[in-house]
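Asker: Sharing a structure here in structure tokens format.
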Amino acid sequence: FDCIYVQDETAGINCFPVAGEFKIGDVVQIKGQTEFYVGEPELQVQTIEKLGETTPIEPVEITAAQLNDRSVEGSLITLKGVVTKITMANGLVESIYVIDAEGTVGRAFIDGYITANNEVKDLAVGRAISVTGVASYDNTYAIEHDSYARIRVRDRADIITSDHEHTVAVLEAVAPTCTATGLTEGKHCS
């Protein structure tokens, strides 16, 4: 038994338990009842039937604030930013903390068994990163920034790192006054 996420044009939801031959892009009809598992809405599956196949859903790029406020929960998403912290469990990457362009941190979570033989290439604090997975929630895992929201990674290959691109910003000089300090011309990374 395992869980799957299903999504239509309005939202997505975790479905459990599911057994059988299902793959990404399958169109299914599920009957069951709703409840919560570790704080996340879930459809308790009574029956599931494959109706056909379609083109898999493309992820939507979001901000960490959207992940943390749960407005995209259950949906396939991508978060881009810079790695601020990495936690390990049993010698494998478990959580990757990503700060986005707005300065908000989101967490990507990898269950230990998810494509465990594959490494996340060049993963390090300070690297630019793009993480794709399902917006999820787990109130049993206390994390920084008071959010239990997470990206539930489907495959370690959905985590892509690259060199962090720096943009130089020039600060113009400001003359001091009787009431304010001055500033010399300088540069910093935007």
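Asker: Cross-link partners among lysines for K23, C-alpha distance below 17 Å, same-chain residues fewer than 8 apart left out?
Answerer: Counting by Cα, and skipping residues close in sequence, K23 has these lysines nearby: K50.
Asker: Right, here's the next one. Obtain the nm distance between the two label points defined at F36 and E119 by a simple spin-label model: each point lies 7 Å from its Cα along the Cα-to-C-beta direction.
Answerer: 4.1
Asker: Explain nothing, just compute: Karplus ³J(HN,Hα) = 6.51 cos²θ - 1.76 cosθ + 1.60, θ = phi - 60°, for every residue of the range 50-67 in order, whole Hz, x for Gly and Pro.
Answerer: 7, 9, x, 9, 8, 5, x, 5, 8, x, 9, 6, 10, 9, 5, 4, 5, 4
Asker: Next question. What's the local net charge at V18, with K and R +1, D and E -1, over the other residues with C-beta under 13 Å away?
Answerer: -2
Asker: Residue by residue through the range 20-29, which ³J(HN,Hα) values in whole Hz follow from phi under the Karplus form 6.51 cos²θ - 1.76 cosθ + 1.60 (θ = phi - 60°), with glycine and proline marked x?
Answerer: x, 9, 10, 9, 4, x, 5, 9, 10, 10
Asker: Taking a quarter of the surface of the convex hull around the Cα atoms of the range 1-112, what do you get in nm²?
Answerer: Average projection, Cα convex hull of the range 1-112: 8.2 nm².
Asker: Find how much the distance from T177 to A128 grows on full extension, using 0.36 nm per residue of separation minus their present alpha carbon separation; answer in nm with one decimal.
Answerer: 13.6 nm
Asker: Which FRET efficiency, nearest 0.05, do T78 and Q46 yield, Cβ-Cβ r, R0 45 Å?
Answerer: 0.90
Asker: So what is the calculated 222 nm ellipticity per residue for the chain, using -39500 (n - 2.57) for each DSSP H run with n of 4 or more, over all residues, to the nearest 500 deg cm²/dmol?
Answerer: -500 deg cm²/dmol
Asker: Would you mind calculating the gained length between V18 and E53 on full extension (0.36 nm times residue separation, minus the Cα-Cα distance), in nm to one decimal?
Answerer: Result: 10.9 nm gained on full extension.
Asker: Under a Cβ-only charge scheme (Lys and Arg +1, Asp and Glu -1), can you give me the dipole magnitude of the chain about the Cα centre, in debye to the nearest 20?
Answerer: 320
Asker: With every protein chain left in place and a probe of 1.4 Å, what is the accessible surface of S136, to the nearest 10 Å²?
Answerer: Spelled out: S136, probe radius 1.4 Å, area about 0 Å².
Asker: Would you mind estimating how fast the chain diffuses translationally, via Stokes-Einstein at 4 °C and 1.567 mPa s with the Kirkwood radius over Cα pairs, in µm²/s?
Answerer: 69
Asker: Further question: Going by Cα centres, the range 1-39 and the range 73-96 are how many Å apart?
Answerer: 22
Asker: Right, next: For G39, enumerate residues with amide H under 5 Å from its amide H, sequence gap 5+ or separate chain, H modeled in the peptide plane.
Answerer: It is N139, by chain and number.
Asker: Under a 5 Å amide H to amide H cut-off, with H placed in plane at 1.01 Å, what residues pair with E94 once short-range neighbours are removed?
Answerer: Hits under the 5 Å cutoff: T87, M88, A89.
Asker: Still on this model: Where is the GNM fluctuation largest for the chain (alpha-carbon springs, 10 angstrom cutoff): V72, V38, V98?
Answerer: V38
Asker: Could you pull out the chymotrypsin sites (Phe, Trp or Tyr not before Pro) across the range 7-62 that fall in loop regions by DSSP (anything but H, G, I, E, B) with no more than 16 other Cβ atoms inside 10 Å?
Answerer: Answer by residue number: F22.
Asker: Can I ask one more? Select from T104, A135, P56 the residue farthest towards the positive end of the dipole of the chain; place +1 on Cβ of Lys and Arg, -1 on Cβ of Asp and Glu, and compute about the Cα centre.
Answerer: The listed residue farthest towards the positive side: T104.
Asker: Expressed in nm to one decimal, what extension gain is obtained for the pair C3 and A101 from 0.36 nm per residue of sequence separation less their Cα-Cα distance?
Answerer: 32.1 nm
Asker: Taking H placed 1.01 Å from N in the peptide plane, check which residues at least 5 places from V45 or on another chain put their amide H under 5 Å from its amide H.
Answerer: For V45, the qualifying residues are F16.
Asker: From the backbone phi of the range 30-39, what are the Karplus-calculated ³J(HN,Hα) couplings (6.51 cos²θ - 1.76 cosθ + 1.60, θ = phi - 60°) in whole Hz, Gly and Pro given as x?
Answerer: Each residue's phi maps through the Karplus curve to give 10, 10, x, 10, 8, 7, 10, 10, 6, x Hz.
The values are calculated or read from the model by the stated rules, or taken from the named source; none is laboratory data. Nothing here was measured: the structure is a model prediction, and the numbers come from that model. Every residue, glycine among them, receives a Cβ derived from its backbone with ideal geometry; neighbour counts consider all protein chains shown. What goes into the accessible areas is simple: the full protein's heavy atoms, side chains included, and nothing from ligands, DNA or RNA. Shrake-Rupley method; radii C 1.70, N 1.55, O 1.52, S 1.80 Å.
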